[in-house]
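**Student:** This is the structure, below, for whatever I ask next.
Bear in mind that the values in this text are calculations on the coordinates, not laboratory data. A quick note: this is a predicted structure, and the numbers were derived from the prediction, not measured. Using ideal geometry, Cβ is built from the backbone for each residue, glycine included, and neighbour counts are taken over all protein chains shown.
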Amino acid sequence: MSAQSSGALPSLPGFFSLIELESVGSTNDEARSRAENGASAGTIVWAKQQNSGRGRRGRAWISPSGNLYCSIVLRPQVSPAIAAQLSFVTALALGEGLQEFLPTSVTLEYKWPNDVLIDGQKLAGILLESQIGEQSKLDWLLIGTGVNVASSPVDTDRPSTCLRQIGMKLSVTDVLAAYIHALSTWLARWEKTGFESVREVWLKRAIGLGEAIEVRLPNETLTGTFEALDTSGSLVLTTPQGRQLISAGEVFVQR
Ligand code: BTN
């Protein structure tokens, strides 16, 4: 794929169907409503801008036009614990989709649980939301993804960057196509072989692995060494009190 900005609507693997919107509150909310009304797995809701984009941990995701905002409806017949692995699948799809465009001078990393970083700064975020149906299996799951293509918010606590800032003149549709093609590959791999191959590839680019980190939880902050990712995707933290398995939180690398 060329690194020139094309802007044309992307051709996508057959499983996916694209709904293109000019503006929306949140693509996750729009996708949720469509999923509840029977939208099939593979439906992608893509908006040029969002007026009330949402991030993890209740934060706002500022969404001016020029960046990628999309949410994908999936209907995996798995438990919520297994479905959580899809955040790593998505991070790999974003990373590998973008990798082909990136100059070799930049470093692409993954931050637990599901951020994509360039040179230590946040480029993309992922928000999974789901509805449990019968027998504790998922009815639907949404993968919401925001990629900073043309701009990024100013946040000194969580520095971010965008593709334009590192000299990449990609259009939103270039990024969308690269992401969805890589997602198609990684979803198939995850369905066929499970989490192990995902975990292995993700860990190769995990920021802070083997280093001192701080993990902010809703009611406390833990410090320790980022030891590993367990077989379910939880972060294994070694602390003076022993090993802790963390399934949700925010990581800060202490360098
Ligand atoms: C995070 O890193 O906090 C997750 C950010 C997820 C943002 C995306 S943009 C598309 C989708 N719609 C939303 O309202 N949020 C997600």
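**Student:** Less than 11 Å Cβ to Cβ from Leu68, Lys/Arg counted +1 and Asp/Glu -1: what total charge do the surrounding residues give?
**Tutor:** 0
**Student:** So, in Å, what gap is there between the alpha-carbon centers of the range 10-51 and the range 211-225?
**Tutor:** If you average the Cα positions of each part, the centres end up 35 Å apart.
**Student:** Residue by residue through the range 97-106, which ³J(HN,Hα) values in whole Hz follow from phi under the Karplus form 6.51 cos²θ - 1.76 cosθ + 1.60 (θ = phi - 60°), with glycine and proline marked x?
**Tutor:** x, 7, 3, 5, 8, 6, x, 5, 6, 9
**Student:** Given the range 212-253, what whole percent of its Cα pairs are spread farther than 16 Å?
**Tutor:** The answer is 23 percent, as a whole percent.
**Student:** While we're here: For a 22 Å ceiling on Cα separation, which of these pairs sit above it: Lys122/Lys204; Lys137/Lys204; Lys169/Lys204; Lys48/Lys204; Lys122/Lys192?
**Tutor:** Working: Lys122/Lys204 18 Å; Lys137/Lys204 31 Å; Lys169/Lys204 27 Å; Lys48/Lys204 33 Å; Lys122/Lys192 30 Å.
From Lys122/Lys204; Lys137/Lys204; Lys169/Lys204; Lys48/Lys204; Lys122/Lys192, over 22 Å: Lys137/Lys204; Lys169/Lys204; Lys48/Lys204; Lys122/Lys192.
**Student:** Loop-only GluC sites (Glu not before Pro) in the range 93-174, please: DSSP not H, G, I, E or B, and at most 11 other Cβ atoms within 10 Å. Can you show the working numbers first?
**Tutor:** Values: sites: Glu96, Glu100, Glu109, Glu129, Glu134; in loops: Glu100.
Those satisfying the criteria are Glu100.
**Student:** Have a look at the DSSP beta bridges in the chain and tell me what percent are antiparallel, nearest 5.
**Tutor:** Bridges in the chain are about 80 percent antiparallel.
**Student:** If you don't mind, there's one more thing I want to ask. Can you list residues from other chains, or at least 5 along the same chain, whose modelled amide H is less than 5 Å from the amide H of Ala228?
**Tutor:** Hits under the 5 Å cutoff: Val236.
**Student:** Give me the percent relative contact order of the chain, please, defined on Cα pairs under 8 angstrom at least 6 residues apart.
**Tutor:** 18
**Student:** Spelling out what I want: for every residue of the range 25-30, take phi, set θ = phi - 60°, compute 6.51 cos²θ - 1.76 cosθ + 1.60 (Karplus), and round to whole Hz; glycine and proline get x.
**Tutor:** Values per residue, Gly and Pro as x: x, 9, 5, 5, 5, 5 Hz.
**Student:** Positive end of the dipole of the chain, charges at C-beta (+1 Lys, Arg; -1 Asp, Glu), about the Cα centre: which of Ala91, Leu9, Ser152 has its Cα farthest in that direction?
**Tutor:** Ser152
**Student:** What number do you get for the chain when its Cα radius of gyration is normalised by 2.2 N^0.38 Å, N = residues? Intermediate values should be presented prior to the final figure.
**Tutor:** Working: Rg = 17.5 Å, N = 255, 2.2 N^0.38 = 18.1 Å.
Compactness ratio reported: 0.97.
**Student:** Nearest 5 percent is fine: what portion of the DSSP beta bridges confined to the range 1-140 is antiparallel?
**Tutor:** Taking every DSSP beta bridge with both residues in the range 1-140, the antiparallel ones total about 65 percent.
**Student:** Quick check on packing: order 208-215, 181-188 by the mean number of other C-beta atoms within 10 Å, highest mean leading.
**Tutor:** By packing density, highest mean first, the sequence is 181-188, 208-215.
**Student:** With just the Cα atoms of the range 67-166, tell me how far they stretch along each of the three principal axes, in Å, largest first.
**Tutor:** Taking the Cα atoms of the range 67-166, the three principal extents are 48, 25, 20 Å.
**Student:** Let me ask something additional. What is the sum of charges, Lys and Arg at +1 and Asp and Glu at -1, for the other residues whose Cβ falls under 15 Å from the Cβ of Gln99? Before the final figure, lay out the partial values.
**Tutor:** Working: positive: Lys204, Arg205; negative: Glu96, Glu100, Glu109, Asp119, Asp174.
Net of charged neighbours comes to -3.
**Student:** Excluding residues fewer than 8 places away in the same chain, name every one of the aspartates and glutamates whose C-alpha is closer than 17 Å to that of Lys111.
**Tutor:** Glu96, Asp119, Asp155, Asp157, Glu200, Glu211, Glu214, Glu227, Asp230, Glu250
**Student:** Cα centroid distance between the range 146-176 and the range 89-118, in Å?
**Tutor:** Rounded to whole Å, the Cα centres lie 12 Å apart.
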